[in-house]
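Since the structure comes first, as C-alpha cells, the remarks are kept for the end.
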Amino acid sequence: MPVRLGHDGSVIDRFDEFPRHDWAKLRESTPLSLSPDDLDAIRGINEHLDIQEVEEVYLPLTRLLNLHITATQQLAAVTDTFLATAPAPVPYIIGIGGSVAVGKSTTARVLQRVLSQWPNHPSVDLITTDGFLFPNAELEAKGLFQRKGFPESYNTAALVETLRSLKSGSPHVTAPVYSHLRYDIVPGEQTVIESPEVVIVEGLNVLQGGAALTSVVASDFFDFSIFVDAPEATIKQWYIERFLTLRDAVFSNPDSYFRHYAELDTGEAIAVASEIWASINAPNLRNNIAPTRNRAQCILTKGANHRVERVALQKS
C-alpha cells in the first residue's frame with residue numbers, strides 16, 4: 001500500500017486506508033436501526049447525514065467497535081476469573097476528536113444511537129468536553145476568553161478525574177453542562193452517568209498527549225479513538241455556512257450570547273465568521289487539533305459534500 005500523507009503533510013502509513021466503497025463492504029449483515037426521524041434528531045447544523053452515510057460508513061464502524069467492546073468485556077471476565085474476584089464492570093470509552101464544524105458531534109450521536117442497539121452494551125452515554133471549559137468569568141480573569149476552545153481554556157484536571165472515576169467502575173459519575181445558547185457553563189447543572197457500558201467522549205482536544213511523560217491526559221482512558229478530518233479550506237467553508245445558519249436561527253434568540261450578530265447582513269456575517277476562523281479556529285486547528293490526528297486509531301476523512309470518502313485504521 002502506498003504511503004499516504006495527512007493534510008498537514010505528516011506520513012500516515014501506520015494506517016491501513018479504505019476507500020469508501022471498500023469500507024462499506026465491511027458492514028456485512030449489520031442491521032440498520034435508524035429511521036429518517038432518528039437522523040433528523042441526530043444531524044448537526046448544515047450536516048448532510050443520510051441513510052446511505054450511516055449504512056456505508058457508520059455501520060461498518062459500529063461493527064468493528066462492537067467486536068472491540070466484546071473482546072474487552074471477555075478479557076475482563078478472564079482476568080476476574082484468574083484473580084478470583086467479583087466482576088467489576090468498567091465502561092468502554094471511545095474518544096472522538098476533530099476541528100470545530102467538521103461534524104464530530106454528529107459522528108458521536110450516530111455512534112451512540114447505533115451502538116446502543118447492540119445487545120451486549122445497550123447503555124451508551126455521551127460526554128462533550130464543552131462542559132469542561134472554564135466558566136466565562138474565570139476565562140476572563142485568566143485572560144483566556146479569546147482563546148476559548150484552546151487546550152488551556154479547559155479544566156483538564158476535572159475531565160481527567162471524571163474519566164478516572166468512570167474507569168474505576170464508579171456507578172454514579174457527573175459532568176458539568178455547557179450551554180451553546182449562553183456560551184457558558186450552566187451553574188448547578190450536571191449530566192449524570194449511571195453505570196454505563198460504553199461512554200463516548202467528544203471534543204476538540206481529546207486526543208492530546210501530555211507535555212511531560214508523567215502527566216495523565218484524557219486519551220489515556222480511551223479504549224478506542226476516532227479523528228474526524230477534512231481539508232482546512234473545506235472546514236472553514238462549513239464553519240462560515242454554519243455561522244450564517246445560526247445567524248438566521250439561534251442568534252436571534254434574545255437569550256443568545258451572540259444575539260448582536262443576528263442583524264448582520266450576509267456580507268457582514270461572512271466577514272465576521274472569516275475573522276473568527278482566522279484568529280481563533282484556524283490557529284487552534286493547526287497548532288493543537290490537527291497534530292493529534294495520527295494518535296487516533298481511526299480517521300474518518302470527509303470531502304466537500306460532508307460525506308466520508310475514506311477511512312484509515314491504525315495497523316495492529
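The values are calculated or read from the model by the stated rules, or taken from the named source; none is laboratory data. Predicted model, so just to flag it, every value in this text is computed and none were measured. Because the Cβ atoms are built from the backbone with ideal geometry, glycine has one as well, and the counts that use them run over all protein chains shown.
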* Structure fact -> Only one of Arg259, Arg310, Arg247, Arg293 is among the basic types (Lys, Arg), more than 30 Å from Thr162 (Cα to Cα) and touching a strand residue (DSSP E or B) at 6+ places or on another chain (Cβ under 7 Å), namely Arg310
* **Selection within region 130-179 - closer than 18 Å to Phe221 by Cβ and basic (Lys, Arg)** => Arg164, Lys167
* Looking at (1) crowded, with 16+ Cβ neighbours inside 10 Å; (2) among the polar types (S, T, N, Q); (3) in contact with a His (Cβ under 8 Å, 6 or more places away or on another chain), can you tell me which one Asn305 breaks? -> (1)
* Residue satisfying condition, being closer than 24 Å to Thr70 by Cβ and not aliphatic (A, V, I, L, M), within set Asp184, Asp220, Asp229 -> Asp220
* Which members of region 117-158 meet the condition of being among the small types (Gly, Ala, Ser), surrounded by 16 or more Cβ atoms within 10 Å (Cβ to Cβ) and in contact (Cβ under 8 Å) with a residue 60 or more places away in the chain? -> Gly131, Gly149
* **Only one of Val199, Val186, Val192 that is out of contact with any helix residue (DSSP H, G or I) (no Cβ under 7 Å at 6 or more places or on another chain) and either at pLDDT 95 or above or closer than 25 Å to Arg259 by Cβ (or both)** => Val186
* Structure fact -> Of the candidates Thr72, Thr30, Thr129, Thr62, the one satisfying the condition of being among the hydroxyl-bearing types (Ser, Thr, Tyr), under 23 Å from Thr301 (Cα atoms) and touching a strand residue (DSSP E or B) at 6+ places or on another chain (Cβ under 9 Å) is Thr129
* Asked: Any chance region 212-230 includes a residue that's among the aromatic types (Phe, Trp, Tyr), in a loop (DSSP other than H, G, I, E, B) and surrounded by fewer than 16 Cβ atoms within 10 Å (Cβ to Cβ)?
  -> no
* Please verify whether region 217-226 includes one or more residues that are closer than 26 Å to Ala304 by Cα and at pLDDT 95 or above. => yes
* Scope region 149-183; condition assigned to a loop (DSSP other than H, G, I, E, B), in contact with a helix residue (DSSP H, G or I) (Cβ under 7 Å, 6 or more places away or on another chain) and among the polar types (S, T, N, Q); matching residues -> Asn155
* Asked: Looking only at residues in region 269-316 that are among the hydroxyl-bearing types (Ser, Thr, Tyr) and over 18 Å from Glu17 (Cβ atoms), which one is nearest to the chain's Cα centre (by Cα)?
  -> Thr292
* To do: Enumerate the pairs (first residue in region 14-35 and within 30 Å of Asn294 (Cβ to Cβ) and aromatic (Phe, Trp, Tyr); second residue anywhere and at pLDDT below 80 and surrounded by 10 or more Cβ atoms within 10 Å (Cβ to Cβ)) with beta-carbon separation below 8 Å, excluding pairs fewer than 6 apart on the same chain, so at least 6 apart or on different chains.
  => Phe15/Arg4
